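Peer 1: The structure under discussion is supplied below as structure tokens; questions concerning it will follow.
Since every read-out is calculated from the coordinates, none of them should be taken as a lab result. As the structure is a prediction and not an experimental result, all values here were calculated from the model. For neighbour counting, all protein chains shown are included, and Cβ atoms are generated from backbone atoms with ideal geometry for every residue, glycine included.
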Amino acid sequence: MSCPLNITMPHDYLITLLVLVSLVSICLGCRRSSTTVSGSKAPKGRICKNQLIFEDNFNQLDRSVWSHENSVAGGGNWEFQWYSGSDRNSYAKDGKLFIKPTLTADEFGEDFLTSGSINLNQGSKSERCTDDPGFAQTFYGCERTGSYDRILNPIRSARLRTKDTFAFKYGKLEIRAKLSAGDWLWPAMWMFPQQDSYGVWPKSGEIDLVESRGNRELYQDGKHIGVKWLSSCLHFGESWNQKSEQCGTHTQNGLATQFNNYEMTWTKDVIQFGINGVVYRTVTPYEGFGKLGGFGYNPWPQGSKMAPFDKEFFLVMNVAVGGNFFPDNVRNPHRKPWTQGAPECDDRFLQSKVGLAQHLEW
């Protein structure tokens, strides 16, 4: 996945925005916006309507803006990757950010998967485990030892985020990206709350700008759910087992062969998702997300009708591999080499050499 990125208050095109800001400054002064920002790289002072508040064209990968997650937890979805800050897996080139999965064995050897150990509780600060303690304990996110029954994560990849450097509430987000193609790849661009103001996930919400599957010929019940398909979702709820979501899906050619603009407009009344200027999902919580989610009560009585989506969120971009985003009852030219919840799923995935060759094709 490669992507230039910018965030502004709502506008049509960046060049129009820049002209508009100049005219407003001369004729009207600063018209205060409902947008709020925080973080070491966020603009200071009053935020004006139509102001560009964040932009990255990836002429370089600025690690003072984008931090890397270090984790072997599989994203909480039993995915197969080991997230790290290695230059092999994320780098900037020719004004683009690349996130590229690689085989763990190519770097550490085949024997490492069955007899090696990963301890992310040691090393330099940039190499240490970034998982919260409770999450790390549940999903073995910071330390693992390989065995023949349970191999170590067979894939290395990257998840980048602007936690503590840039977060915002309300505005327009636009990311221009070409998505990953290859079996069992899971590219995602999303947002997570800067603070768990209402509680841990999903109480404080999650915003998924776009998720897709890299398989070129993946079908479920006769419907394509692979590289021509994407989804955008809001996740929210009281707890892991009492949650809801509002999603939109879109299907078109070219998601993995050309760059497209992925867009979200977020206001005090509505959240919209679109691609190349075409809106495909609008979420309007007229009476709040408690009623919209069918909870029968309001889990966020201290918030606005947009709660939990009335707080600042930071940006996340990653390419995962495998995990429970890929259902079992699917049709693919090469059979899915693992089943949901199987303890040996990493090993089955690794042994599927044809699948590996395809999912690492870029």
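Peer 1: Checking the cross-link filter: which lysines have an alpha carbon closer than 16 Å to that of K243, excluding same-chain neighbours under 8 positions apart?
Peer 2: Those lysines meeting the cut-off are K203, K291.
Peer 1: For K336, which lysines qualify as cross-link partners when the Cα separation must be under 17 Å and same-chain residues fewer than eight apart are set aside?
Peer 2: K223, K353
Peer 1: Right, another one. What distance in nm separates the two pseudo spin-label positions at E107 and K44, each 7 Å out from Cα along the beta-carbon direction?
Peer 2: 3.7
Peer 1: Another question, if that's okay. Normalising by the residue count of the chain, find the relative contact order in percent from Cα pairs under 8 Å and 6+ residues apart.
Peer 2: 19
Peer 1: Full extension from E245 to Q258: what is 0.36 nm times the residue separation minus their Cα-Cα distance, to one decimal in nm?
Peer 2: 1.8 nm
Peer 1: Estimate the FRET efficiency between Y286 and S115 by the formula 1/(1 + (r/R0)^6), using the beta-carbon distance for r and 51 Å for R0, to the nearest 0.05.
Peer 2: After rounding, the FRET efficiency stands at 0.35.
Peer 1: If you place +1 on the Cβ of every Lys and Arg and -1 on the Cβ of every Asp and Glu, how big does the dipole about the Cα centre of the chain come out, in debye to the nearest 20?
Peer 2: 1060
Peer 1: Which of rounded, prolate, oblate describes the chain, given a ≥ b ≥ c as roots of the alpha-carbon gyration tensor eigenvalues and a/c under 1.5 marking rounded, otherwise prolate only if a/b is larger than b/c?
Peer 2: prolate
Peer 1: Would you mind pulling out the separation of the Cα centroids of region 176-191 and region 215-291, in Å?
Peer 2: 14
Peer 1: Counting alpha carbon pairs within less than 8 Å and at least 6 residues apart, what relative contact order, in whole percent, applies to region 74-137?
Peer 2: Relative CO of region 74-137 lands at 21 percent.
Peer 1: I would also like to ask the following. Once the Cα atoms of helix 14-27 and of the chain are each reduced to a long axis, what angle between those two axes, in degrees from 0 to 90 to the nearest 10, is obtained?
Peer 2: Once rounded, the angle reads 30 degrees.
Peer 1: Right, next: Within region 32-75, whose backbone N sits under 19 Å from a point 7 Å along Cα→Cβ of D164?
Peer 2: Backbone N within reach: 37-43, 62-72.
Peer 1: Toward the positive end of the charge dipole of region 168-258, about the Cα centre and with charges on Cβ (Lys, Arg +1; Asp, Glu -1), which of P193, S180, S239 goes farthest?
Peer 2: Comparing the listed Cα positions along the dipole, S180 ranks first.
Peer 1: Compute the length gained on full extension between Q340 and N77: take 0.36 nm times their separation in residues and subtract their Cα-Cα distance, giving the result in nm to one decimal.
Peer 2: 93.7 nm
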